[in-house]
Every structure is written in C-alpha cells, then in structure tokens.
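What follows is calculated from the coordinates using simple rules that are stated; it is not laboratory data. If you're wondering where the values come from, they're calculated on a predicted model, not measured in any experiment. Heads up, the Cβs are rebuilt from the backbone with ideal geometry, glycines too, and the neighbour counts pull from every protein chain shown.
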C-alpha cells in the first residue's frame, strides 16, 4: 500500500508537472513556429526550460525530503543530470514518432508527457528526495 506522503507528493508533482509541461511545450512551439528551429532542438530547449521550472517549484513545495538541501550545486546538478537522461529517451521517442511514424511534433510531445512524468518523478524521488534511511518496501 502506498503511504500518504508519497501520494501527496505524487499529486503535487502532477500539478508542478503541468506547469513545467506548459513551459516546455510553449517553448517548443514558439521556437519551431516563430524561430524556425528544428523540432528536436526545440524539444531539447523546451525540456530544459520545463526542468528548471520543475526544480524550483518542486524543491519548495512538493518534496518533504531533500537529500542535498545544503548543497544547491549538487542538488540542481543532479536534477539536470536526471533530466538529461529522461531527455535522451524523449528526443529518441520524438524522432521515432515524428520522423518514422509521421506524427505531428506537438502531438508526439504530448503523447510522451505521461512517460516523462513517471520517469522524472520516480528518478527524482529515489535519488534526490528520499530520506537517507528510507528503503524500498515491497510489502
């Protein structure tokens, strides 16, 4: 059974994820539509804009535990490292959906939102926002 804190954090993270996603997709749309930037470059830039928005809201509102609270460089660097790993998946999946299957780039990005939410929340929760003594329980 999931504990109440995890459910609360997951729901708050969904709200933050919505705000970050709007930042991400808006940036992508503006870059591709108005600046004629290649959609995969726009995806990368938008993803990082969304990640920065996500970081600042998450550490102040979502997560009750912060492993690196006293070290901004380590905490933010770790956040960006996790984002970069998820970005690799996102760009590859965007390319497959858009270039191989012909899905419009914004639809491709919207289709990937759920997967990036799960990946980001899980990785960030495990590596950055669990207490040092917390262990995974399978009961």
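Annotations for the structure displayed:
- Base-10 log of normalised Debye intensity for the chain (one unit scatterer per alpha-carbon) at q = 0.14, 0.22 Å⁻¹: -0.66, -1.32
- Helix 72-95 vs. the chain, principal-axis angle (Cα, 0 to 90°, nearest 10): 40 degrees
- Potential extension, residue 107-residue 84 segment - 0.36 nm per residue separation minus Cα distance: 6.1 nm
- Look at where the Cα atoms of the range 78-132 and of the range 6-27 average out, and the two centres are 13 Å apart.
- In degrees, nearest ten, helix 39-57 long axis to first principal axis of the chain (Cα): 30 degrees
- Rounded to the nearest 10 degrees, the angle from helix 4-35 to the longest Cα principal axis of the chain is 20 degrees.
- Between residue 19 and residue 122, the simple label model (points 7 Å from Cα in the Cβ direction) yields a spacing of 2.6 nm.
- Taking one quarter of the surface of the convex hull spanned by the alpha-carbon atoms of the range 10-63 gives a direction-averaged projected area of 3.3 nm².
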